[in-house]
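K.L.:
Once you've had a glance at the structure underneath, I'll fire off some questions.
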Amino acid sequence: MNGLAFVAPLLLVMIGAFNAPILYMLALGFWSKAGGFTTAHYAAVFEASVYLKVLASTLRISLIATVANVLLGYPLAYWMSGLRPTGQLVAVALVITPFWISILVRTYAWIVVLGNAGLVNSSLLALGVITEPIRFLYNELGVTIGMANVLLPFLVLPLFAAMVRIDGRLLQAAASLGATPATIFWKVFFPLTVPALGAGALLVFILSLGFYITPAILGGNRVSMISNLLDKLINEIPRWEQASVISTLLLIVTLVIFALYRRLDRSAA
Amino acid sequence: MKRRDFGKLASIGLAGFVWSPAVGSAQVKEIRMIEAGGKSGESIEEGYIKPFTARTGIRCVRESPGSLGKLRAMVESGKITAALFELGSGSLSQAIPLGLVEPLDWAAINPQPMFPEARTDHGLGYQYFSTVMAWRKGVKAPRSWADFFNTRDFPGKRTVPEYPHYCLQFALLADGVSPDKLFPLDADRALRKLGEIKKDIAVLWKAGAQPPQLLKDNEVQYAISWSGRVVGEPAIEMTFNQGMYDLSYFSVPKGVSKDEKDAAMKLLHEMTIAKNQARAAQVVSYTGPSPDLEALLPREKFSEFPTVKQNKSVQWQQNAEWWRVNGESVNKKWEQFRLNL
C-alpha cells in the first residue's frame, strides 16, 4: 500500500500523459464522425494499397539500415573489447560523443561531407580518382549512411558490454583443445554475443521505423518512410483517423517483430 | 512556512489564476498569434504589431510554427491559446468545413481597400507569395515550364516541392495546358509529365530554405521555389513568368474569447493599411493585399514583389478549394509516384 502511494504520482503521469493519449489515438481509427464505431477508416487504408506500400518501404529501409549497422558495429565492438582499459575508455567516449550533437546538425554535416561539392567528392576529383561526383546523397545510400551514423551507438554499446563480460577462460579452453582461431570465434565467442547482437539489432530496427529527419534531408524525400506520410496526414491534409490506422498498423508490425525476437531468444536459451 | 499556510497561499494563488481572465476581461492586455516564423514573422512584428501596440496598448506575442494539425488540436481540446492563426490558402479551406475557425467581423476590421481574393469570410489574406522557377546563374535560362521540364536542352538536376499542390500544376503547364484550364486538375497527366524527368529530380523539398541552398551548393541547377527565398540572391536567377501566386491568411480559432477576438480584429485592421504593408515588405519580399501598395514600394526592388502589376499579370492564382476537395485522393497518387522514384 505504502509502495503504491509512492509510485502513484508517476503512475498517474504515465497513464495520463502517455497511455491515455495512445489509447485515444488507437480509438480514433474506429471513430466515425457521427460518434459511433466504424471500420471505414481501416477499409479506406487497405483499399489505398499505396499506404501499405509505404509501410513496406519503411520496413525495407529499416532492415537495410539495421544490416549496415550490424556489419559496421560488430567488428567495431569486437575491436574495442580487445583494447586495454584506457583504450576502451577512449573508444567508448568516441562512440558516445555523437549523442551530444543534435541529430539535425549531424544530418546536415553529411551534406557537407558527401555532397557533390563536399569533402569526399572534391578530394576524389582533385586526386583524379573520379571524373564526376559520386552521388552519395538523395538516394537510399544517403539514408542508410545517415541512419547508420545516428544509430550505431545503440548497437555497439550493448554489444561491447556483452563482449567484455565473456569469460576469457572459455576461449583458452577451446584453444587448448586444438580449435583454430576461426573455430573459436564462430563456435564459442560469436554464439555468446548473439543475444546482445539480437537485442541491439532489434533496438536499431525499431528506432529506424520512426525516422523522419534523415530520409527527409539525406534522402531528398525521394525515399518514402512512414513518418513523413503520418506528418502529412496529421498536419497537412488532416486525416487523423487514417493517421491513427497507419500508426496502429505500425505498432502491430513492431510488436509482432518483437514477439518473434522474444521467441527466438527463448529458443536460443 | 507551515504546510497549512502553504496550502492556503496556494489556493489563493490558484483562485487568482482561475479568476484573472474574468477580472481582466474588460480590457485585454495581450493577445497571442501563431505564425510561420522566420523573416515572415519579423515582417509581421515590424509592419503590423508595432503600430497595433502603439495604437491600442495591447501587446501581441508571436509563436511559430503553426500547422493545421496544431490548430485542430487546439480547437478540439478547447484550450484556445492564440487569437490569430496563420494558415496557407489550402489549410484555410480545409479548416472551414472542419469548423476550426470563426467568421471574421469585417465591420470591426474596417479594412482599407484590398484585393478581393484577400477578403474572405474566415480569413484575411495578409501576404502574397509566389511559387516560381529559379535557376543557378550561369546555366541556360528557361523561359517557360516547357523549358524547365525539357532536360535534354536544359540539362541539370531539379528540385521540386514535396507538396503536390505546389508542384503538379507546373507539370501540366509544361505539357501544354493553359493556366485558365488547370482546374479541375488532371493529376494523372501531371504525374506522367513529372515522371518523364524523374531521373533528374534530385530532391523533393519540404522546407522553403532548401531550394536556394541546393542551388548555391550546385546540388541542383533548376528549382521550383517560393519567390521570397530566391529574389535578390546574387547566385540565383528567377522569373515570375507563369508563376503561381498564393495567399497566406490570418484566421481566428473557433472558441476564442470575445474580447480577444475584438483585439485581434484591430490587429487585422493594421494589416490592411498600405503604409504598414510597405514596412513589412522591407523585411521580406512578400507583399500585402493593398492595391495602393505599389506606389509605396522602393523602385529599385520593384521586380522582387509578387503583386506589383508587371508580376501579378503574368501569374495565375492557386485554387485552394479544389485541393480541399481532392487533396486526399491526389496525395495517394503522389505517394505512389514517390515510391516509384
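K.L.:
Label points 7 Å out from Cα along the Cβ direction at residue B:292 and residue B:61: separation in nm?
P.N.:
3.5
K.L.:
By the scheme Lys and Arg +1, Asp and Glu -1, what is the net charge of all other residues having a beta-carbon under 14 Å from that of residue B:308?
P.N.:
That sum, taken over residues with Cβ under 14 Å, equals 0.
K.L.:
Cα to Cα, under 12 Å, and not fewer than 8 places away if on the same chain: which aspartates and glutamates meet these conditions relative to residue B:333?
P.N.:
Output for residue B:333: B:186, B:188.
K.L.:
Can you compute the charge dipole magnitude of chain B about its Cα centre, using +1 on each Lys and Arg Cβ and -1 on each Asp and Glu Cβ, nothing else charged? Give it in debye, rounded to the nearest 20.
P.N.:
I would put it at about 800 debye.
K.L.:
For residue A:60 and residue A:99 in one chain, what is 0.36 nm times their gap in residues minus the Cα-Cα distance, to one decimal in nm?
P.N.:
11.5 nm
K.L.:
Report, as an integer, the average count of C-beta atoms from other chains found within 10 Å of each Cβ along B:200-209.
P.N.:
Taking all residues of B:200-209 together, the mean is 4.
K.L.:
Still on this structure: For the pair residue A:139/residue A:258, report the inter-label distance in nm, with labels modelled 7 Å from Cα in the Cβ direction.
P.N.:
Simple spin-label model gives 3.6 nm for this pair.
K.L.:
Sticking with this one: Between residue A:25 and residue B:106, with labels modelled 7 Å along Cα→Cβ, what's the label distance in nm to one decimal, could you check?
P.N.:
Here the answer is 4.2 nm between the modelled labels.
K.L.:
While we're looking at this one, here's another question. Provide the FRET efficiency to the nearest 0.05 for the residue B:181-residue B:321 pair, computing r from the beta carbons and using R0 = 22 Å.
P.N.:
In this case the efficiency is close to 0.85.
K.L.:
Right, here's the next one. Between residue A:212 and residue B:258, what FRET efficiency follows from the Cβ-Cβ distance if R0 is 41 Å, with the result rounded to 0.05?
P.N.:
Efficiency at R0 = 41 Å is approximately 0.55.
K.L.:
Now, a different point. On average, how many beta carbons from a partner chain sit within 10 Å of the beta carbon of a residue in A:218-226?
P.N.:
Other-chain Cβ atoms within 10 Å of each residue's Cβ, averaged: 5.
K.L.:
Still on this model: What FRET efficiency do you get for residue A:8 and residue B:314 if R0 is 51 Å and r is their Cβ-Cβ distance, rounded to the nearest 0.05?
P.N.:
Details: r = 67 Å, r/R0 = 1.31.
After rounding to 0.05, the efficiency reads 0.15.
K.L.:
Regarding chain A, what are the three Cα extents along the principal axes, ordered largest first, in Å?
P.N.:
Ordered largest first, chain A gives principal extents of 74, 66, 35 Å.
K.L.:
Give the aspartates and glutamates whose C-alpha is closer than 13 Å to that of residue B:309, dropping any in the same chain fewer than 8 places away, or say none.
P.N.:
B:292, B:294
K.L.:
Enter the mean number of other protein chain beta carbons within 10 Å of the beta carbon of each residue in A:233-243, as an integer. If you can, show how the numbers build up before the last one.
P.N.:
Values: counts 3, 6, 9, 11, 11, 13, 3, 4, 0, 1, 1.
Partner Cβ neighbours, averaged per residue: 6.
K.L.:
Hey, another quick one. Could you check how many percent of all C-alpha pairs in chain B are farther apart than 36 Å? Can you show the working numbers first?
P.N.:
Numbers: 15429 of 57970 pairs.
Considering chain B, 27 percent of its Cα-Cα pairs are separated by more than 36 Å.
K.L.:
Shape verdict for the range B:197-309, please, from the Cα gyration tensor: rounded (a/c under 1.5), prolate (a/b greater than b/c) or oblate.
P.N.:
Since a/c reaches 1.5 but b/c is at least a/b, the shape of the range B:197-309 is classed as oblate.
K.L.:
Taking the Cα atoms only, what angle lies between the long axis of helix B:258-271 and the longest principal axis of chain B, rounded to 10 degrees?
P.N.:
That works out to roughly 40 degrees.
K.L.:
Which whole-number percent gives the relative contact order of the range A:1-97, counting Cα pairs below 8 Å spaced six or more residues apart?
P.N.:
Once normalised by length, the contact order is 9 percent.
K.L.:
Let me ask you something else. Let me have the 222 nm mean residue ellipticity of chain B computed from DSSP H runs of 4+ only, each contributing -39500 (n - 2.57), with the sum over all residues rounded to the nearest 500.
P.N.:
-11500 deg cm²/dmol
K.L.:
Okay, moving on. For the protein assembly as shown, give me the percentage of DSSP beta bridges that are antiparallel, rounded to the nearest 5 percent.
P.N.:
DSSP beta bridges in the protein assembly as shown are roughly 60 percent antiparallel.
K.L.:
Just want the ordering: B:114, B:133, from fewest to most Cβ atoms lying within 10 Å of their own Cβ.
P.N.:
B:114, B:133
K.L.:
How much length, in nm to one decimal, is gained on full extension between residue A:172 and residue A:78, taken as 0.36 nm per residue of separation minus their Cα-Cα distance?
P.N.:
Gain in length upon complete extension: 32.1 nm.
K.L.:
Now for a different question. Hey, what does the equivalent ellipsoid look like for the protein assembly as shown, semi-axes from the Cα gyration tensor as sqrt of 5 times each eigenvalue, largest first, whole Å?
P.N.:
On the way: eigenvalues 454, 252, 113 Å².
Each semi-axis is the square root of five times an eigenvalue, giving 48, 36, 24 Å.
K.L.:
What is the range A:1-127 by shape, rounded, prolate or oblate, if you read a ≥ b ≥ c off the alpha carbon gyration tensor as root eigenvalues and call it rounded for a/c under 1.5, prolate for a/b larger than b/c, and oblate otherwise?
P.N.:
Cα axes put the range A:1-127 in the oblate bin.
K.L.:
Moving on to the next point. Holding the Cα-Cα limit at 19 Å, pick out from B:29/B:50; B:157/B:199; B:157/B:216; B:157/B:206; B:39/B:79; B:157/B:193 the pairs that are longer than that.
P.N.:
Cα-Cα > 19 Å for B:39/B:79; rest within.
K.L.:
Taking a ≥ b ≥ c as the square roots of the eigenvalues of the Cα gyration tensor of the range A:163-269, is the shape rounded (a/c under 1.5), prolate (a/b larger than b/c) or oblate?
P.N.:
prolate
Rule-based calculations on the coordinates, nothing more; no lab input. A quick note: this is a predicted structure, and the numbers were derived from the prediction, not measured. Note: ideal-geometry Cβ built from the backbone for every residue, glycine included; neighbour counts use all protein chains shown.
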